[in-house]
Amino acid sequence: MKYTKILILLFSFFILSHSYSDEKMKYKIYKNLRCLVCQGQNIGDSNSEFAQTIKTVINDKLDEGLNEREVYSFLAEKYGDWILYKPPLKNNSYVLWLLPYVIFILGALILFIFLRKNTIHKK
Amino acid sequence: MLSNLGNLFITLTLLSSFLLIYYSAVGLKKNGSLIPEKIFRISKTQCLFTILSFFILLVAYIFSDFSLINVYENSHTTKPLLYKISGVWGNHEGSLLLWIVILVIFSLLFLNLNKLADKKFRLFTLIFQNILISGFLIFLITNSNPFSKLYPVPNEGMGLNPILQDPALAIHPPLLYLGFVGSSIYFSAALASLITKYNGSNFAKTIKFWVLTSWFFQTIGILAGSIWAYYELGWGGYWFWDPVENSSLMPWFLMTALIHSILILEKKNDIYLWVIILSILTFTMSVTGTFLVRSGILNSVHTFANDPSRGLYILIFLSIMIFSSLYIFYKYAPSKKSNFQFLSKEFFILINNWFMIFFLIVVLIGTLYPIVLEVISEQKISVGPPYYVIVMAPFLIPFLYFVSRGPQAQWFSAQSNNKKKNFLVLFFSVVIILVFFYFTKVKDVLINLILIFSIYLILQTILDFFRNIKKNYFNLSRIISHLAFGFLIFFISINSIFSTEYDLNLKNGEKIKLDNYEIELKDLNILNEKNYKKIVGNVIIRDQKKDTFEFLEPEIRVYNMPETVTYEASIKSNLFFDTYVTMSNLSGSEFYNLKFQRKPFMILIWLSIIFIGVGGFLRLLPMRQKK
């Protein structure tokens, strides 16, 4: 029974793989960038001139054939990582990205040990 | 005059607190099972004093008494009455006073509502409550006094930030505060319970009401904030994982964990210490959230450095709170053996707690990491929505599964005979999604899995409902909340996939064709309102596929006091989707920037959250649905 479950899930995994249309990609990139002159707004949502400029830059870069990742690194080089809402994985963000998983596993361990100590075993 | 009266009442409230602490301490030594009448009387008077002081600030706002710095800085004579009133808590000092008022009212209610509980337990709770009250009052008086005077008295105030002039935002802070402050009761009760070695099951019964109440208000408060952000901030999003939003969400996770785990404590008198820890953490997290928001540390480490006194006080207060709780915990915590059965209902509740704590910690890490990094290495990074989605969304899949699995389990035993049915339901959910996506062709694996499991939860909860009918035993509140949670995740996922947006620049009178839509900026009207001037755009959106029209009127508002430009979105909602248009002018040109969005199921997202809350609210009603 369990294996059938897993099979069903794997099956749905395979027929549904990942892609984005160009237009959607543009808005996705807008949303993942901080508007540097605003208070906690992204480029897509902001009405500021800064945001308008960055939007134009992104459109141009996409037309030049850069992909999502390249657009991010281009902008990060110019404005610093502060502009990226998704911090790139590097020395200063390993803890940020990995700590949650450590916590989750730690939680599982604590729960496991607690239950092992306190479970009544039926015979 | 008002200033003096206000100060007088605050001082009297503080004195009452001291008296209450003193008399409670005396009362503890006396024999007998009744709390002295004196304590009730002082508590009532104290409540009256704070309400009066709040009332005075309210009057000062309504009549625009600018001899108070606070009124001068946050109000204006031309402001509509509603926003004069909500202006009272639209700023740091006033909201702190509101916080204290709720704290005092809740203490009085606690004293009166739990007449059956043990005397010592109630007195200790009262002592801790009043220590908290005094702490906040001293902060108010020394650092953030809303009654501070201003001389010479100005003729006009500086006004309230126009984006805060909004009905949803008027009720947002009071609702959240009812949640935040409600958690103070079980914080104090937990410490009192440790000291008096109170019976765990009775403790659970006492705090259950408060956990549910605070959770309910927290839920509705977060919703109000979210709705406000949706239509007022003009970007069509409803949750941005902004640090300020996060600080209201973090206590919510803990409250949700508590709602579940007190059931074990109530039924089995088990996991007492864990419930105590959660109770202490919830209020601590509430104060931490307030600290983060109020100190200014969230926006930048540097604003904190500029005016450190406010943050410093809360930080010291917080440390005292944490360390004394830790001390009391280690000194008094009893050691108890637990009894657990694998796959029993208790087991799944612990799983819930595991996930809740995990979500909490992720949000905490995301909120604090950039601050810590900047302090230790001067590197600035942003942690935004993508981080939270990437880290947390995958965990929703097992979480949804456990939410649907838990209610099927039995208390104390691992029996479950629904294996075949579960499998069928899962199979059915997968089929629904596959059929669905055969037509829509969405290819994001994660979203699809989340959709499958949200449907799984919905179906399982509906089956649960029918099983309840058969057994003639209703746990309506669980069914409603779980069902609504399933729908919430479902609608949010659908919304995130199918939201469309177009960003375009148009001249007055121009129209443009995009995909299936024709968007026309027909004309512009300039109108004068009481405290602002507005430019209204008449926008026509023609859906060429369905051959329908929609007329929208986004606005650009220029407020006079303080001079600010805001953009009002125009939203047409129906059950299936919202049409959302904002307009702004591109400076130095005749072009207007229009943002047109179609957002599916917004109304249903709000409704789901309301129903999650309603479920909890039903538990508060006295009629428990027993056989």
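The values are calculated or read from the model by the stated rules, or taken from the named source; none is laboratory data. Everything quoted here is computed from the prediction, not taken from an experiment. Because the Cβ atoms are built from the backbone with ideal geometry, glycine has one as well, and the counts that use them run over all protein chains shown.
Observations
- Meets criteria (more than 22 Å from B:Ile497 (Cα to Cα) and at the interface with chain B (Cβ under 9 Å from one of its Cβ atoms)) for A:Phe74: no
- Scanning region B:126-151 for residues that are assigned to a loop (DSSP other than H, G, I, E, B) and touching a helix residue (DSSP H, G or I) at 6+ places or on another chain (Cβ under 7 Å) turns up B:Asn143, B:Ser144, B:Asn145, B:Pro146, B:Phe147, B:Ser148, B:Leu150.
- Single residue of B:Ile526, B:Ile489, B:Ile541, B:Ile452 found to be surrounded by 15 or more Cβ atoms within 10 Å (Cβ to Cβ), in contact with a strand residue (DSSP E or B) (Cβ under 7 Å, 6 or more places away or on another chain) and among the hydrophobic types (A, V, I, L, M, F, W, C): B:Ile541
- Summed over region B:399-428, residues that are out of contact with any helix residue (DSSP H, G or I) (no Cβ under 8 Å at 6 or more places or on another chain) and not small (Gly, Ala, Ser) total 5.
- Top-ranked residue in region B:42-71 [being of a type outside the set (A, V, I, L, M, F, W, C) and surrounded by fewer than 23 Cβ atoms within 10 Å (Cβ to Cβ); ranked as farthest from B:Ile105 (Cα to Cα)]: B:Ser67
- Selection of region B:368-394 for residues being touching a residue at least 40 places away in the same chain (Cβ under 8 Å), in a helix (DSSP H, G or I) and in contact with a Phe, Trp or Tyr (Cβ under 7 Å, 6 or more places away or on another chain) yields B:Pro385, B:Tyr388.
- Residue in region A:5-15 that is at pLDDT 75 or above and at the interface with another protein chain (Cβ under 8 Å from one of its Cβ atoms) present: no
- A:Glu49, sole failed condition from (1) acidic (Asp, Glu); (2) surrounded by 13 or more Cβ atoms within 10 Å (Cβ to Cβ); (3) within 11 Å of another protein chain (Cβ to nearest Cβ): (2)
- Condition broken by A:Leu99, with the remaining ones in (1) more than 8 Å from chain B (Cβ to nearest Cβ); (2) assigned to a helix (DSSP H, G or I) satisfied: (1)
A quick yes/no check of all residues on (1) of a type in the set (Lys, Arg); (2) under 20 Å from B:Ser148 (Cβ atoms); (3) touching a helix residue (DSSP H, G or I) at 6+ places or on another chain (Cβ under 8 Å):
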{"position": "B:Ala25", "(1), (2), (3)": "no, no, yes"}
{"position": "B:Phe40", "(1), (2), (3)": "no, no, yes"}
{"position": "B:Phe54", "(1), (2), (3)": "no, yes, yes"}
{"position": "B:Leu57", "(1), (2), (3)": "no, yes, yes"}
{"position": "B:Asn70", "(1), (2), (3)": "no, yes, yes"}
{"position": "B:His76", "(1), (2), (3)": "no, yes, no"}
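- Among the candidates B:Thr125, B:Thr78, the residue that is modelled with pLDDT under 90 and hydroxyl-bearing (Ser, Thr, Tyr) is uniquely B:Thr78.
- Residue check, B:Thr284 surrounded by fewer than 20 Cβ atoms within 10 Å (Cβ to Cβ) and part of a helix (DSSP H, G or I): yes
- Evaluated against (1) within 26 Å of B:Phe498 (Cα to Cα); (2) more than 7 Å from every other protein chain (Cβ to nearest Cβ); (3) at pLDDT below 80, A:Gln39 falls short on exactly one condition, (1).
- Residue match in region A:80-87 (condition: surrounded by 13 or more Cβ atoms within 10 Å (Cβ to Cβ), within 11 Å of chain B (Cβ to nearest Cβ) and at positive phi): yes
- Against the conditions (1) more than 14 Å from chain A (Cβ to nearest Cβ); (2) under 22 Å from B:Met356 (Cβ atoms); (3) not in a helix (DSSP H, G or I), B:Leu175 satisfies every one except (3).
- Count of region B:562-615 residues, restricted to those that are more than 18 Å from B:Ala224 (Cα to Cα), outside any strand (DSSP E or B), within 12 Å of chain A (Cβ to nearest Cβ) and in contact with a strand residue (DSSP E or B) (Cβ under 9 Å, 6 or more places away or on another chain), is 2.
- Filter pass, B:Leu426 being crowded, with 17+ Cβ neighbours inside 10 Å, facing another protein chain (nearest Cβ under 7 Å) and either part of a helix (DSSP H, G or I) or touching a Ser or Thr at 6+ places or on another chain (Cβ under 6 Å) (or both): yes
- Test: residue in region B:435-449 that is surrounded by 19 or more Cβ atoms within 10 Å (Cβ to Cβ), touching a residue at least 60 places away in the same chain (Cβ under 8 Å) and either more than 9 Å from chain A (Cβ to nearest Cβ) or out of contact with any Gly (no Cβ under 7 Å at 6 or more places or on another chain) (or both): no
- Any hit, region B:203-219, residues being surrounded by fewer than 20 Cβ atoms within 10 Å (Cβ to Cβ) and aliphatic (A, V, I, L, M): no
- Wholly within region B:511-561, strands (runs of 3 or more DSSP E) carrying at least 1 residues that are more than 39 Å from the chain's Cα centre (by Cα) and modelled with pLDDT under 90: B:511-514, B:517-528
- Residue under evaluation B:Ser67, criteria (1) touching a Lys or Arg at 6+ places or on another chain (Cβ under 9 Å); (2) within 13 Å of B:Leu160 (Cβ to Cβ); (3) of a type outside the set (A, V, I, L, M, F, W, C), criterion not met: (2)
- Search result, residues across region B:359-391 that are among the hydrophobic types (A, V, I, L, M, F, W, C) and at the interface with chain A (Cβ under 7 Å from one of its Cβ atoms): B:Ile361, B:Val362, B:Ile365, B:Leu373, B:Ile381, B:Val383, B:Val391
- Put simply, of B:Asn468, B:Asn422 the only residue that is in contact (Cβ under 8 Å) with a residue 12 or more places away in the chain and not hydroxyl-bearing (Ser, Thr, Tyr) is B:Asn422.
- Listing of helices (runs of 4 or more DSSP H) fully contained in region B:51-125 that carry 2 or more residues being among the β-branched types (Val, Ile, Thr) and more than 28 Å from B:Thr213 (Cα to Cα): B:69-74
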